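The structure appears right after this line, and notes come after that.
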Amino acid sequence: MNKTYDVIIIGAGPAGLSAALYAGRARLSTLLIEKEREGGQIVTTSEVENYPGNIEHESGQTLIARMSDQATKFGAEKVFDTITELTLEGDVKVIKGAKGEYHGKTVIVATGAFPRKLGCPGEAEFTGKGVSYCATCDAAFFEDFEVYVVGGGNSAVEEAMFCAKYARKVTILNRTEALTAEKAIQEKVFAHPKVEIAWNTEVVELKGDGILTSMTLRDTVSGETREVEADEEDGTFGVFIFIGFVPNTALVEGKLTTERGYIVTDEDMRTNIPGVFAAGDLRKKTLRQVVTAAADGAIAATMCEHYLA
C-alpha cells in the first residue's frame, strides 16, 4: 500500500523548494515531485541580484542548490517523475505519474511556467541549432559570434548582458520603442559597449540549412522587412528568445479555477478545492520573482499545516 504523505509538492522551483523546507520543518511528511531538474526558470539565470541578502553575485544554480539542500536537511523526500493525472477531491489526493502513484492529504501545485514561443516559421526547426531560451545554457556556444536577443523585459536585458560575455556583438530586438525592464537594468545595458538595441523590430522568420543562417525582421511601425544573414566566416548566429512565460497548468485545467491559464488563489494560496494549494509563477498575481515564489511556498506549506490540524 502506498504511503500517504501529509504534503505532496508538485514542482521543485523556488516555490516548491521553499514549501518543502517549511513543511519539513513543521514535521510534516513531505514528498517533492519534479519532472526533470530542480530549479525552474531561475536555474538558467547567470546572476541573481534582486534576492534579499544576496551580495555575492550568486547564480540561479547556486541559489537553487542551497534551497534544495535545506529542503533535504529537514526531511523532504524527493522523486523525479512526470505527473500524468491528478485526483484532487476527497481527503486523500491521488497523484499519478509515469513511474508510480502518490497519495497525499494535501497538495501544493508549484509547476511554474515555461518560455513563451515566438510562433514564427523556423523557430521549432532551429531550436538547439541557433535558437535558444537559455543564455546560461547556450551563450558559450556563440563565443565571438553575433547574437540577437528577442524581448525587452528584465530577463531579456539581463541575458543579453550575459551573452555579451561571449559574443562579439549582441543586438536586442525590441518590438516597441521602449524597454520594460527595470530602470537600473536598463542603465547597465545602455552603457554596455557590446550591446545595441533595434527598436520597433520583430522576428518574422528564421531560416537555414541544418543550422540557423538567416532571419527576416520586420519594422513594427513601417511594416518594412529586412534580411539578416550570418557572417560568412561564422556561418551562423544565435537568437535567444525571452518574451515571457506560459503557466504550466494543463494538468489542473478544469479542476482548479484559472484565469488566462493562471491558478486563482486567495492570499493564503488556497485554491477552490480544500487541501489543494498553489504557489509560484503559475498563480495569478502581480509580481513573479524568486522572492515572491519563495514566499508563496512558505505560506502554502504553513496553510497545509493548519489544514491538517
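For SER59, the criteria (1) in contact with a Phe, Trp or Tyr (Cβ under 9 Å, 6 or more places away or on another chain); (2) open to solvent by less than 40 Å² (accessible area, probe 1.4 Å); (3) not acidic (Asp, Glu) hold in every case but one, which is (1).
If you go through the stretch 44-83 and keep only what is under 25 Å from THR249 (Cβ atoms) and either without any contact (Cβ under 8 Å) to a residue 24 or more places away in the chain or acidic (Asp, Glu) (or both), you end up with GLU77, ASP81. LYS207 meets the conditions (1) in contact (Cβ under 8 Å) with a residue 60 or more places away in the chain; (2) open to solvent by 50 Å² or more (accessible area, probe 1.4 Å); (3) closer than 24 Å to HIS57 by Cβ; (4) not aliphatic (A, V, I, L, M) in every case but one. The failed one is (3).
For the condition among the charged types (D, E, K, R), assigned to a helix (DSSP H, G or I) and surrounded by fewer than 22 Cβ atoms within 10 Å (Cβ to Cβ), ASP144 does not qualify.
Step by step: first the residues of the stretch 10-56, then only those that are among the acidic types (Asp, Glu) and closer than 28 Å to GLY275 by Cβ, then the one that is surrounded by the fewest Cβ atoms within 10 Å (Cβ to Cβ). Which residue is that? Restricting to residues being among the acidic types (Asp, Glu) and closer than 28 Å to GLY275 by Cβ, the top hit is GLU36.
Counting the residues of the stretch 167-199 that are open to solvent by less than 30 Å² (accessible area, probe 1.4 Å) and in a loop (DSSP other than H, G, I, E, B) gives 4. Number of residues in the stretch 252-290 that are among the charged types (D, E, K, R), farther than 17 Å from PHE114 by Cβ and part of a strand (DSSP E or B): the value is 2. The sole residue among ALA156, ALA160, ALA139 that is assigned to a helix (DSSP H, G or I), touching a strand residue (DSSP E or B) at 6+ places or on another chain (Cβ under 9 Å), open to solvent by less than 50 Å² (accessible area, probe 1.4 Å) and more than 19 Å from THR201 (Cβ to Cβ) is ALA139.
The values are calculated or read from the model by the stated rules, or taken from the named source; none is laboratory data. Small disclaimer: the values here were computed from a predicted structure and weren't measured. Neighbour counts run over all protein chains shown; Cβ positions are idealised from the backbone, glycine included. Side chains included, ligands, DNA and RNA excluded: accessible areas come from the protein's heavy atoms. Shrake-Rupley method; radii C 1.70, N 1.55, O 1.52, S 1.80 Å.
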